[in-house]
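Peer 1: Following this message is one structure expressed as structure tokens.
What follows draws every value from the coordinates through simple rules; no lab data is involved. These figures come from a predicted structure and were not determined experimentally. As a convention, Cβ positions derive from the backbone with ideal geometry for all residues, glycine included, and neighbour counts pool all protein chains shown.
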Amino acid sequence: MVLLAGLSPAQTYYKWTDERGVVHLSDQPPAGREKVEERVLPARPSTKEPAEARVQEAPPVVETAAPQVVIAKQEVERLGPNAVRVQGELENTGGGEARGVTVVVKAKDVGQGNPCLERSVTPAQDVLPAKGKTTFEAEITDPCLYGEAPVELSVGWE
């Protein structure tokens, strides 16, 4: 059987038993023997994968079609006791177009911390293609802004 281990795939071998009962295997038929079995050794499964099988192609990179608009820069400037100027830059970091883009300006009253202002500001472009940028700017005067009311900016889109 040791001989069979080194044989190449799908090779023919010969098997016979001598007068003493010893079984012989060979890749050559014995001369002068009548009772010889001819067998074909099936191909052994390869322990090594072909190079093509080992290399798996990465799935194609599919960029998300969802838009993702972020405030890239922002500035809130106090103009008076109850007025502010908000300005900055928006960027669509996603893979799809964002429509109806707005900047939402919120404030809470200083005394109680209750929400008292929510205004939408339309940027220079309210439709942003993927990787697109735009700016926004607005002056807001409201009694809610009196004193040092904190102003928060967020962005929305469809």
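Peer 1: What is the extension gain from Glu118 to Thr93, computed as 0.36 nm multiplied by their sequence separation minus the C-alpha to C-alpha distance, in nm to one decimal?
Peer 2: Stretched fully, the Glu118-Thr93 segment lengthens by 6.5 nm.
Peer 1: Here's another thing I want to ask about it. What distance in nm separates the two pseudo spin-label positions at Gln28 and Ile71, each 7 Å out from Cα along the beta-carbon direction?
Peer 2: Reported label-point gap for Gln28 and Ile71 is 9.1 nm.
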